[in-house]
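Data block below; observations after.
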Amino acid sequence: MLSPQSRPGDPQITPELVSEHGLSPSEYQKIREILTREPSFTELGVFSAMWSEHCGYKNSKRMLKLLPTKAPWVIQGPGENAGVIDIGDDLALVFKIESHNHPSAVEPYQGAATGVGGILRDIFTMGARPIAILDSLRFGDLNSGRVRFLFSGVVQGVGDYGNCVGIPNIGGEVFFDKGYEDNPIVNAMCLGLMKRDSLIKGEAEGVGNLLVAVGTATGRDGIHGATFASEELSEDSQSSRPQVQVGDPFTEKLLLEASLELIHSGYITGIQDMGAAGITSSAAEMGGRSGNGVEINIDLVPVREPNMTPYEILLSESQERMLVVVKTGHLKKIQDILTKWELKADEIGCVTDDGLFRVTEGSRTVAAIPCLALTEGCPTYEREGKESSEIKNLRSKDLSHLKTRSSGYEEIFLDLLGSGNICSKRWLYQQYDTTVRTNTVIPPGADAGVIRLRENNKAIAATTDCNGRYVYLNPRMGTKAAVAEAARNLVSVGALPMAVTNNLNFGNPLKPEIYYQFREAVLGMSEACKLFETPVTGGNVSFYNETSGTPIYPTPVIGMVGIIDDTKYLTRPFFQESGDVILLLGNNTDELGGSEYIYVSEGLVAGEPPAVDLLAERQLQHSVLSMINQELLQSAHDLSEGGLACALAESALGNKTDPFGVDIILQDRLEPIPLFFGEAQGRILVSCAKNSSNQVLQTAKDHGVPCRLIGEVVPASNGFRIAGRTGNMELDIETMSNRFFNAIPTLMDKRKES
Amino acid sequence: MKVAIITFPGSNCDYDLYKCVQLVGGDPEFRWHRDSSLGKVDAVMLPGGFSYGDYLRAGAIATMSPIMEAVKEFAGHGGPVLGICNGFQMLCEANLLPGALLRNNSLLFCSKEVALSVENNSTIFTELYKPERKLRMPIAHAEGNYYANEETLAQLEEEGRVMFRYIDPQGKSTDGSNPNGSANNIAGIINTRGNVMGMMPHPERAVENILGSVDGLDLFKSLLNHISASKKV
């Protein structure tokens with residue numbers, strides 16, 4: 001192997017320098033063994049980025065192998081830019097979720113914007129046109145000025161980027177809890193659509209083919225972003241601001257159109273986003289996947305600033321750049337396409353046959369590393385896992401005294417309706433273009449977002465879900481609950497759940513109590529995804545979500561996609577007509593652990609989170625889909641935070657303009673508190689015309705799902721009434737509506753104070 | 001009806017307009033902003049989006065595109081020109097319509113369904129709307145706050161050139177129903193000659209029941225009728 005020469009000005013490699021690069025002494029030793037020599041400074045930087053958690057998944061890879069990834073409809077599972085499933089009629093759906101937590105904690109607007117930019121590129125580099133965005137967000141308490149700053153910055157960043165590129169936002173979720181105070185979670189999911197045969201992969205095929213850099217020139221922004229994302233946040237993180245990239249959605253839109261044109265031209269064999277670890281990861285991964293090598297002439301890479309070193313150029317994370325492999329002799333043709341879109345394309349190297357990631361500067365070689373050593377060769381670890389005794393104690397806390405309350409149900413109900421986790425999220429999604437592309441048939445605000453397909457009158461539904469409190473209290477059960485809720489959300493709009501992309505947001509995996517959460521979460525996800533036949537086609541792991549040693553709640557976000565066979569089956573969560581009857585599928589229980597009720601009323605995150613019976617969930621999914629396919633239902637809505645009372649309120653309040661009231665009688669032998677606000681799993685609320693109720697009951701019975709009539713939809717002027725055996729609630733719709741719709745706007749108007 | 005839809009770098013509603021023109025039976029064709037000629041067409045539409053990223057000012061750089069000379073010439077000969085959202089911003093920047101679109105008074109991007117009154121139904125774009133008809137269609141913009149000086153506003157009102165106004169569910173144009181701070185709740189205007197119209201709401205997103213509203217259909221049908229009728233003459 002040709003040894004690289006050292007460059008004048010390169011620092012001496014010392015144990016301190018190795019450690020600053022996030023590499024352990026044993027990892028450094030492994031590098032020396034691979035190279036059979038000392039690495040150059042440039043090579044050290046390359047290894048540091050490629051073997052970071054962000055690129056190399058070193059602490060997660062072994063566990064992730066336990067997830068189900070195959071099904072007859074899966075075209076592309078984990079390992080590519082995005083997952084792909086077959087949706088019939090020669091069409092394929094491409095989708096993936098990705099995090100941008102660390103950048104967003106430091107610079108919320110750009111952090112979130114570039115998160116959206118990155119996930120869009122992952123989709124269109126597969127050959128698909130992006131058709132929808134979802135965002136899954138977590139913040140601290142909105143009463144804090146800093147949290148409001150992060151929240152409004154992130155929402156504007158997500159919005160501005162997607163709006164400008166012209167991709168509708170169709171949903172997602174936002175959750176507020178002190179557990180995310182300094183370390184917000186910003187996960188963005190994107191869906192794309194393509195003809196099956198347009199699929200292109202990130203592979204460097206064909207020795208002698210050209211490596212071409214497309215898009216913006218390389219600058220000094222984001223150097224070592226991948227390594228930054230693989231550390232905990234601290235007081236010093238504010239000084240990491242230069243590691244946060246700046247997005248340009250306009251260039252992204254041009255790149256999108258140009259990339260799709262390039263892919264359809266047939267002049268290229270591979271394309272990949274220069275995302276985390278920039279040119280290095282895109283070139284090494286494309287080389288690694290094809291089994292070939294890549295050679296980059298650093299002098300040919302277009303740069304924005306003078307005197308950039310190979311180290312800086314290789315590790316820059318300047319946004320809106322792609323690496324394209326062009327068939328020999330076709331450079332001019334692809335340059336013509338790019339010129340039309342006012343983009344540049346520069347040849348920077350070629351595909352070689354020696355399996356090396358080789359970088360030259362003039363006549364000097366500055367790096368020569370086997371591609372596979374950088375990708376597959378990244379060391380992986382299984383860490384020690386041990387449950388935190390503190391959390392164990394919280395979980396076993398006795399909550400029985402919280403179940404009884406003799407009166408004042410209305411007051412606590414209104415507090416719940418106004419809580420950030422239950423209230424309307426219109427303030428957010430009004431900042432997102434939800435209707436561009438004229439295919440959005442269920443916009444944000446429902447159980448799942450839905451995009452119709454003009455091609456075949458089918459529709460695609462998507463949702464993101466995770467209650468981090470449940471996962472914190474019981475990682476395995478909480479993660480099963482996240483998968484189950486995602487599936488309930490999809491069936492509620494009429495979609496058959498098909499596949500999952502996951503975003504595993506955790507603290508520092510080197511801590512046994514964090515690794516325990518991670519392992520348990522993956523095991524729970526694996527079990528649920530297997531049973532629901534929703535394989536995991538990829539996703540993202542974000543570790544080190546800690547600030548000054550305090551980790552976030554473990555938050556394995558589930559992004560799930562499903563198919564609706566015909567748009568006539570679209571079902572919405574809102575009541576449609578007075579006189580319709582309301583039925584509840586599933587059982588009420590007296591569980592209160594991890595509920596929004598005990599958080600809002602007692603400020604507590606404690607208790608055993610609600611138990612998930614996966615088989616019962618599956619029966620429930622099938623029964624609701626059967627009801628929808630028989631066209632029996634007027635509405636369907638999943639029960640989640642805030643329980644039955646809040647789900648009834650959401651269905652009744654609708655879009656604010658045409659609310660209804662309800663008249664409900666509950667015969668359960670339960671205390672009013674768990675009955676109204678408990679978060680028992682496996683429940684869906686449906687409404688139907690009176691004369692369909694027998695068929696609904698029969699369908700539930702056929703599937704072995706408990707189902708009963710609990711009341712009626714009434715005009716809004718009749719109010720909202722729930723009668724239990726030992727407690728009642730009666731409220732007027734306007735009071736409820738004000739609390740539900742004004743909660744976030746009221747808090748955000750406080751912006752200027754504190 | 002042959003319609004030229006101009007695609008600028010950053011346009012993102014061009015395809016939606018294309019589908020919509022097809023739906024009403026028109027014959028849409030894309031034109032690239034670098035083209036210098038429109039070819040033989042019956043109408044021109046400037047789509048929504050973020051031409052040139054809306055850098056500098058929304059719509060400002062687009063007016064420097066070669067195709068805009070041809071659009072101005074087409075409008076000068078009385079050809080129908082419709083600008084939606086970013087297209088409206090371009091028409092103002094190109095001085096084909098008076099006034100300007102400022103940042104929304106909330107300072108936030110605003111995407112929602114609005115209610116509109118039809119203020120003038122005797123134009124080529126609105127003749128199929130009954131005068132009392134209330135429309136529902138989406139808006140999605142950050143810079144839709146219509147501004148013009150007092151004199152221009154008075155002239156627009158006097159000459160019946162305000163085409164649409166934001167209204168509340170009762171049909172009144174109130175502050176509460178004004179989503180962006182536009183003067184006189186103005187959502188769309190037309191030029192003196194009656195052939196160039198700009199509007200912030202998206203009629204092309206309200207053309208199918210499954211999208212939640214079909215209130216935009218009659219706008220495109222009005223134009224189609226007008227063009228077919230003028231061809232027969």
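The values are calculated or read from the model by the stated rules, or taken from the named source; none is laboratory data. Computed from a predicted structure; not experimentally measured. Glycine also receives a Cβ, built like all others from the backbone with ideal geometry; neighbour counts cover every protein chain displayed. These area figures cover heavy atoms from the full protein model, side chains too; ligands, DNA and RNA do not enter into them. Shrake-Rupley method; radii C 1.70, N 1.55, O 1.52, S 1.80 Å.
Structure summary
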{"read-out": "Model label zone, B:ALA154; criterion: amide N under 19 Å from point 7 Å along Cα-to-beta-carbon; scope the range B:182-207", "value": "B:183-186, B:192"}
{"read-out": "Amide hydrogen neighbours beyond the local backbone of A:LYS344, cut-off 5 Å, H modeled", "value": "A:GLY215"}
{"read-out": "Inter-chain Cβ neighbour average for residues B:204-212, partner chain, 10 Å", "value": "4"}
{"read-out": "Using a Förster distance of 30 Å, the FRET efficiency for B:GLU127-B:ARG57 (Cβ separation, nearest 0.05)", "value": "0.35"}
{"read-out": "Potential lengthening between A:GLU631 and A:GLU384 on full extension [0.36 nm per residue; Cα-Cα distance subtracted]", "value": "83.8 nm"}
{"read-out": "Carbon/sulfur fraction of accessible area - chain A, other protein chains in place, 1.4 Å, %", "value": "47 percent"}
{"read-out": "Sequence of A:LEU134, B:LEU211 when ordered by accessible area, the most exposed leading, probe 1.4 angstrom", "value": "B:LEU211, A:LEU134"}
{"read-out": "Rg in Å to one decimal, and Dmax rounded to a whole Å, for chain B via C-alpha atoms", "value": "16.0, 49"}
{"read-out": "Reachable aspartates and glutamates, given that their alpha-carbon falls under 12 Å from the alpha-carbon of A:LYS656 and they are not under 8 places away in the same chain", "value": "A:GLU734"}
{"read-out": "For B:107-118, mean number of other protein chain Cβ atoms within 10 Å", "value": "4"}
{"read-out": "Span from the the range B:125-159 Cα centroid across to the the range B:176-216 one, whole angstrom", "value": "7 Å"}
{"read-out": "Cα-centred dipole magnitude for the protein assembly as shown, charges only on beta-carbon of K, R (+1) and D, E (-1), debye, nearest 20", "value": "1300 debye"}
{"read-out": "Nearest-10 value in Å² for the accessible area of A:THR404, using the 1.4 Å probe", "value": "80 Å²"}
{"read-out": "Amide H within-cut-off set for A:VAL366, under 5 Å, with H built and near neighbours excluded", "value": "A:VAL359, A:THR360, A:GLU361"}
{"read-out": "Reachable aspartates and glutamates, given that their alpha-carbon falls under 13 Å from the alpha-carbon of A:LYS480 and they are not under 8 places away in the same chain", "value": "A:ASP465, A:GLU520, A:GLU527, A:ASP613, A:GLU617"}
{"read-out": "Separation in nanometres of the label points that stand 7 Å from Cα toward Cβ, at A:ASP89 and A:GLU602", "value": "5.2 nm"}
{"read-out": "Inter-chain shielding of B:10-22 (mean C-beta neighbours from other protein chains, 10 Å cut-off)", "value": "4"}
{"read-out": "Shape category assigned to the protein assembly as shown from the gyration tensor of Cα positions, a/c cut at 1.5", "value": "oblate"}
{"read-out": "Estimated [θ] at 222 nm from DSSP helical runs (n ≥ 4, -39500 (n - 2.57)) normalised by residues in chain A, nearest 500", "value": "-10500 deg cm²/dmol"}
{"read-out": "Inter-label distance, nm, simple model (7 Å from Cα along the C-beta direction), A:ASP566/A:THR14", "value": "7.4 nm"}
{"read-out": "Between the range A:462-540 and the range B:82-117, the Cα center-to-center distance that results, in Å", "value": "43 Å"}
{"read-out": "Within chain B, helix-based [θ] at 222 nm, where runs of 4 or more DSSP H residues each add -39,500 (n - 2.57), nearest 500", "value": "-7000 deg cm²/dmol"}
{"read-out": "Peptide ranges B:6-14, A:715-723 listed from the most packed, as the mean C-beta count within 10 angstrom indicates", "value": "B:6-14, A:715-723"}
{"read-out": "Projected label distance in nm at A:LEU300 and A:GLN667, using a 7 Å step from Cα toward the beta-carbon", "value": "7.9 nm"}
{"read-out": "Exposure ranking of A:HIS401, A:HIS100 by accessible area [1.4 Å probe, largest first]", "value": "A:HIS401, A:HIS100"}
{"read-out": "Rounded to 5, percent antiparallel among DSSP beta bridges of the protein assembly as shown", "value": "75 percent"}
{"read-out": "Heavy atoms of B:PHE74 accessible to a 1.4 Å probe, total area in Å² rounded to 10", "value": "40 Å²"}
{"read-out": "Full-extension gain in nm, B:MET64 to B:ASP168, via 0.36 nm per residue minus C-alpha separation", "value": "33.7 nm"}
{"read-out": "Cross-link pairs A:LYS327/B:LYS40; B:LYS134/B:LYS221; A:LYS327/B:LYS2; A:LYS201/A:LYS425; A:LYS344/B:LYS112; A:LYS425/A:LYS511 - those with Cα-Cα distance over 29 Å", "value": "A:LYS327/B:LYS40; A:LYS327/B:LYS2; A:LYS201/A:LYS425; A:LYS344/B:LYS112; A:LYS425/A:LYS511"}
